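All of the numbers you see were taken from the coordinates with simple rules; none came from a lab. Every value quoted in this text rests on a predicted model; they were computed, and no experiment measured them.
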Amino acid sequence: MRSDPVSMEMWYIAVADGCHLLRRSLSDPAFGEYLGGPAYFERERWRHNQVALDAEFLAQVDEMNRSHPGIEGRIYTLACDFDMLHYLLSEGRRRGEYDWADSGTRSIRGGMSLPDHLRGGQGHPIRYTPPAEAGEIAAWLEGLTSEDLRSAYSPAEMERQCVYKYWADRADEHAWGKIIGYFDGLRSFYAEVALHGEGVLVVVT
């Protein structure tokens, strides 16, 4: 059985195009460190004020939320199951490759690199999908069905390809239903983001 000392989780966070929060994070490593903490963006987040930058970052999140009502609810996670969905959505992933031009890869892993100092909780680079690209992904996902994913579903091959946290002997209908639930949730998330013209931070914690 494969195991990890700490599990990875994939998060998707809507951010307003051109917001000060993102601009400052790109240029200020100390401030940008907080970009890798999804809890700072959640409605019921844990507010702690150990250092001044905590309060500064939270103030910028609050300003973005005031200027873009509802954006605080546009946060989604695929938890530890992100790679299962990546495999089903991306032909490149099924070949064991990472093609960043591939729609499936961009939908799961994000559209573009950010400066190297912007990293998630386990040191994974944070990626960003600009609004126009998020809209393209939303349209692409809307054109897919559960049957499209089912046609790519191969438990034995997924295990052979070392899909994260996936074991073929657990591939029952409950497991399949969970994957489809995540697919529906991701599709709905991108549809909402596209509707409001927002970008997406992709963070691994």
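Calculated mean residue ellipticity at 222 nm for the chain: -13500 deg cm²/dmol, from DSSP H runs with n ≥ 4 weighted as -39500 (n - 2.57), summed, divided by the residue count and rounded to 500.
Rg/Rh for the chain stands at 0.98; both radii use Cα atoms, and Rh follows the Kirkwood definition. In region 75-185, the ratio of gyration radius to Kirkwood radius, Rg to Rh, stands at 0.96 when only Cα atoms are counted. Each part gets one Cα centre, and for region 179-200 versus region 153-167 those centres are 25 Å apart. Which of rounded, prolate, oblate describes region 164-205, given a ≥ b ≥ c as roots of the alpha-carbon gyration tensor eigenvalues and a/c under 1.5 marking rounded, otherwise prolate only if a/b is larger than b/c? It is oblate, given that a/c is not under 1.5 and a/b is not larger than b/c.
Given Cα pairs under 8 Å that are at least 6 residues apart, what percent is the relative contact order of the chain?
Working: 311 pairs, mean separation 69.3, N = 205.
Over the chain, the number comes to 34 percent.
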